[in-house]
Ligand code: TXA
Ligand code: MG
């Protein structure tokens, strides 16, 4: 066993926080069954306690041990999509502390696909509660460096597993109601889920009443104001923006964008997987340039484009 993993295990056992890579974004982890340890996550993030956490497990077996009821559909989804960027909301057993679930009788569960996350979970030998390792409302971290710059010494250990492959958070599906409900579009495209979930209800378009608590209208936000550009709309800075130092964040394919101080493409070819993987790091880079405004191009509404647009829309709200 690597020394670092042994240290991580000890820290988690002592109720400390360990940041770790997943295939989606970096997580800020604590022993999911220790309410005091979980409280530290909320303190470090500055996160309100009405925002429940996702519990990570090393296997479907370990995950489902936290659920009071496991529908057949959950088993089928787990078999097909775990390890991977899919979170299932099920009814919880009482061993899961109320703080993890914000007092709800349901718990969000996932088995991450990153080898280092799985190694950590196996070494620790229990479930780990982890939100994305960013301060509340800010841009999610897709590298260990992002986590360090956000938390400094506040986190005992940051495991470095390189850049995250998927780059947007997991897709969340609730299986606790009459029909399955999509609570957050994410790294598992809904087109892949639909064959299993023909009756999947899509999220309401009313951002003031999120289905998933904590899915607040403003989130993933850079400090620089960010505004959205419809796909295919003219990208000439409007009169409102003239004279300002502007940054362009395009999904791609790349083309000439005149009038902008800085231009970034999430994917030069417009490939949505690549665009998702680059989204948060690019947003951070643009945010560090001291621009007056970032103009972000919306993605096409399919595949990972749904997750990208969900994050962009929230990033644009103040
Ligand atoms: O990819 C991911 O899911 C990443 C990595 C670290 O695994 N985690 C992540 O966690 O995105 P976080 O805390 O940033 O977002 C978790 C969201 C909450 O904001 C909430 O909307 C939803 O999951 N959630 C958690 N528990 C829930 C529950 N019992 N019912 C409904 N939604 C829940
Ligand atoms: Mg988050």
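A few comments on the model shown:
- Pick from segment 84-111, criterion part of a helix (DSSP H, G or I) and touching a strand residue (DSSP E or B) at 6+ places or on another chain (Cβ under 8 Å), ranking: farthest from ligand 1 (Cβ to nearest atom): 100
- Residue, farthest from residue 222 (Cα to Cα), within segment 112-138, restricted to residues that are at pLDDT below 95 and touching a strand residue (DSSP E or B) at 6+ places or on another chain (Cβ under 8 Å): 137
- Qualifying residue in segment 217-236 (condition: within 16 Å of residue 24 (Cβ to Cβ) and at pLDDT below 95): yes
- The set of residues from segment 22-45 being more than 13 Å from ligand 1 (Cβ to nearest atom) and not in a helix (DSSP H, G or I) comprises 31, 33, 34.
- Residue within segment 77-91 that is in contact with a helix residue (DSSP H, G or I) (Cβ under 8 Å, 6 or more places away or on another chain) and closer than 24 Å to residue 10 by Cα present: no
- Residue count for segment 244-256, restricted to those that are within 18 Å of residue 226 (Cα to Cα) and either surrounded by 18 or more Cβ atoms within 10 Å (Cβ to Cβ) or within 26 Å of the chain's Cα centre (by Cα) (or both): 7
- There is no residue in segment 112-127 that is assigned to a strand (DSSP E or B) and within 11 Å of ligand 1 (Cβ to nearest atom).
- Segment 84-117, residues that are under 13 Å from residue 60 (Cα atoms) and over 17 Å from the mean Cα position of the chain (by Cα): 90
- Failed condition for residue 196, given (1) within 16 Å of ligand 2 (Cβ to nearest atom); (2) in a loop (DSSP other than H, G, I, E, B); (3) farther than 19 Å from residue 22 by Cα: (1)
- Scanning segment 130-181 for residues that are more than 16 Å from ligand 2 (Cβ to nearest atom) and either within 13 Å of the chain's Cα centre (by Cα) or in a strand (DSSP E or B) (or both) yields a total of 6.
For every residue, the table says whether it meets (1) in contact with a strand residue (DSSP E or B) (Cβ under 9 Å, 6 or more places away or on another chain); (2) more than 15 Å from residue 114 (Cβ to Cβ); (3) crowded, with 24+ Cβ neighbours inside 10 Å.
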| site | (1), (2), (3) |
| --- | --- |
| 21 | yes, no, yes |
| 42 | no, yes, no |
| 67 | yes, yes, no |
| 72 | no, yes, no |
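The values are calculated or read from the model by the stated rules, or taken from the named source; none is laboratory data. As the structure is a prediction and not an experimental result, all values here were calculated from the model. Virtual Cβ from ideal backbone geometry, glycine too; neighbours counted across all protein chains shown.
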